[in-house]
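Okay, so here's the structure we're looking at.
The values are calculated or read from the model by the stated rules, or taken from the named source; none is laboratory data. Quick caveat, the model's predicted, so the values are computed rather than measured. In this analysis, Cβ positions are derived from the backbone assuming ideal geometry, glycine residues included, and neighbour counts consider all displayed protein chains. For accessibility, only protein heavy atoms count, side chains too; no ligands or nucleic acids. Shrake-Rupley method; radii C 1.70, N 1.55, O 1.52, S 1.80 Å.
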Amino acid sequence: MSKIFIGDKEYFPTVSSIPFEGPESDNPLAFKFYDANKVIGGKTMAEHLRYSACYWHTFCAKGGDPFGPDTQTFAWDQASDPMSAARQKMDAAFEFFTKLGVPYYCFHDRDMSPEGESVAQSEGWLQECVGWAKERQQETGMKLLWGTANVFSHARYMNGASTNPNFQVLAQAAAQVKAAIDATIELGGENYVFWGGREGYISLLNTSTKQEQENMARFLQTARDYARKQGFKGTFLIEPKPMEPTKHQYDFDAQTVIGFLRHNGLADDFKLNIEANHATLAGHTFAHELQMCTDAGMLGSVDANRGDAQNGWDTDQFPTDIYDAVHGMMVLLEDGGFKSGGFNFDAKVRRESVDMEDIFAGHVGGMDTFARGLEIAHDILNNSNYKALKSERYGSFNSGAGADFRAGKLDLQNLRDIAAEQGEPVLQSGKQEKFENLINQYMLK
Ligand code: XUL
Ligand code: CO
């Protein structure tokens with residue numbers, strides 16, 4: 001087995017580069033469907049899917065839950081001081097990315113670099129880590145899909161960051177966002193993400209929701225203006241989530257966020273980062289949230305994961321549901337695919353998955369799921385009569401009075417007169433069962 005390691009130690013010695021071996025392979029650490037160079041509809045799988053691994057779940061979270069402490073032990077956490085640990089963690093991370101064969105990664109400031117005792121110390125440490133990351137990106141060819149700031153874990157953010165009732169806390173969040181934007185620019189990041197974290201409320205009794213949302217908009221405008229002035233050309237992304245950690249998050253779902261961005265003059269710079277588990281927490285499907293974004297021309301990127309069908313919190317499991325992947329890929333392909341975004345695995349192995357190899361297995365499964373989803377969705381859209389069936393439902397708008405209505409040529413009196421003249425419309429079947437059967441036919445053939 002050829003050694004791949006960054007720095008002076010190999011952190012995953014039992015795992016080599018993950019090969020593509022095809023669906024007949026029994027090797028759990030081989031791709032069955034993700035063949036990076038396979039061309040589907042003029043683009044390689046790698047170009048379509050733009051896979052990314054995340055720093056936080058993969059190298060920071062260690063299986064702790066509200067009922068018990070960590071179950072997983074990481075070699076890089078044994079270092080004697082926080083900056084040595086950060087450096088070792090980065091070596092492990094880049095070894096992992098390289099062996100897995102993902103082209104992108106994502107991070108929060110505090111995933112990569114520890115919190116200092118002052119704003120200046122935190123900034124200095126982050127800059128040092130960014131310097132190492134830049135070297136490692138050059139060495140491995142890895143690229144940054146997006147950067148972000150963790151303005152939700154520290155105690156000061158318990159009442160929110162940009163929506164905190166205390167201006168001093170908002171300023172602390174701004175300092176972190178500024179440093180994280182600088183880091184993202186330095187590392188050539190293609191996007192910058194804002195996830196609402198604790199931007200929401202627990203009790204309406206003590207909360208001025210109007211002021212908090214105005215402050216959030218002003219904060220985002222200020223961050224955007226700073227980044228653009230510094231030369232950031234990438235896309236800003238908002239990641240909707242309906243609840244958790246606050247009872248009610250302001251960025252509830254895609255349609256809420258799209259309205260907020262348009263209302264606040266942010267729609268030209270911001271798009272959305274859709275997370276599958278957040279979609280289901282909002283009572284939607286993953287495909288619905290993607291569709292709302294593409295309808296608005298605002299689909300930016302995807303946090304790929306899944307929830308648990310029986311419980312109502314953010315379990316961040318690796319995506320394995322092929323049906324969901326097919327539906328999601330159909331929406332994405334109909335929109336022409338990713339522009340600046342990609343599939344970032346915002347997913348973690350289970351608390352009980354304590355072998356170091358398990359993080360490879362989780363990503364391999366997720367990458368295979370969307371690769372197969374891509375193939376099936378492409379087949380449905382290009383070789384079945386799916387699109388024709390769907391557009392037939394709207395055929396009455398293609399000519400005559402229907403087309404005149406679409407063009408804004410009819411007033412309410414005209415519509416009334418048409419209704420009176422035509423009489424009761426013939427019932428037109430929605431044919432849902434035929435649509436569902438068609439998807440299954442292409443999935444199972
Ligand atoms: C939290 C979540 C975050 C964001 C980045 O639910 O998804 O990890 O993706 O802050
Ligand atoms: Co996420």
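Overview of results
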| read-out | value |
| --- | --- |
| For peptides 7-13, 281-287, 36-42, sequence by mean Cβ density within 10 Å, most packed first | 281-287, 7-13, 36-42 |
| Euclidean distance between Cα centres, segment 272-324 to segment 339-365, Å | 16 |
| Lys/Arg +1, Asp/Glu -1 at C-beta; segment 388-444 dipole; positive extreme among Tyr442, Ala420, Ala403 | Tyr442 |
| Protein accessible area in the chain, 1.4 Å probe - carbon and sulfur % | 51 |
| Charged-residue dipole, Cβ positions (Lys, Arg, Asp, Glu), segment 136-190 about Cα centre, Debye nearest 20 | 160 |
| Whole-number D in µm²/s for segment 379-432 (Stokes-Einstein; Kirkwood sum over Cα pairs; 20 °C, 1.002 mPa s) | 161 |
| Exposure rank, largest accessible area first [Lys99, Lys62; 1.4 Å] | Lys62, Lys99 |
| The chain: DSSP helices with Cα axial extent of at least 27 Å and average Kyte-Doolittle hydropathy no lower than 0.0 | 167-186, 358-383 |
| Cα-Cα P(r), the chain, percent of pairs per 20 Å interval | 23, 54, 20, 3, 0 |
| Listed peptides 155-161, 254-260, 420-426 by packing density, highest first (mean Cβ within 10 Å) | 254-260, 155-161, 420-426 |
| 18 Å Cα-Cα reach of Lys445 towards lysines, excluding residues that sit fewer than 8 places from it in its own chain | Lys32, Lys434 |
| Dipole axis of segment 39-383 (+1 Lys, Arg; -1 Asp, Glu on Cβ), positive-most option in Cys106, Tyr201, Gly362 | Tyr201 |
| Relative contact order (%) - the chain, alpha-carbon pairs under 8 angstrom, separation at least six | 15 |
| Length gained when the stretch Tyr323-Asp355 is fully extended (0.36 nm per residue, less Cα-Cα span) | 8.7 nm |
| Net charge of neighbours whose Cβ lies under 9 Å from the Cβ of Ala179, counting Lys and Arg as +1 and Asp and Glu as -1 | -2 |
| Beta bridges per DSSP with both ends in the chain, % antiparallel, nearest 5 | 20 |
| Arg350, Arg50, ranked by accessible area, largest first (probe 1.4 Å) | Arg350, Arg50 |
| Surface accessible to a 1.4 Å probe, per residue, for the residues of segment 273-426, Å² | 47 |
| Estimated dipole of segment 388-444 in Debye, rounded to 20 [Cβ of Lys and Arg +1, of Asp and Glu -1, Cα centre] | 220 |
| Debye, to nearest 20: dipole size of segment 175-318, +1 on Lys, Arg Cβ, -1 on Asp, Glu Cβ | 420 |
| Where Cα atoms sit under 16 Å apart: lysine pairs in segment 162-303 separated by 8 or more or lying on different chains | 4 |
| Farthest positive-ward along segment 1-160 dipole, Cα basis, beta-carbon charges - from Ala92, Phe31, Thr14 | Phe31 |
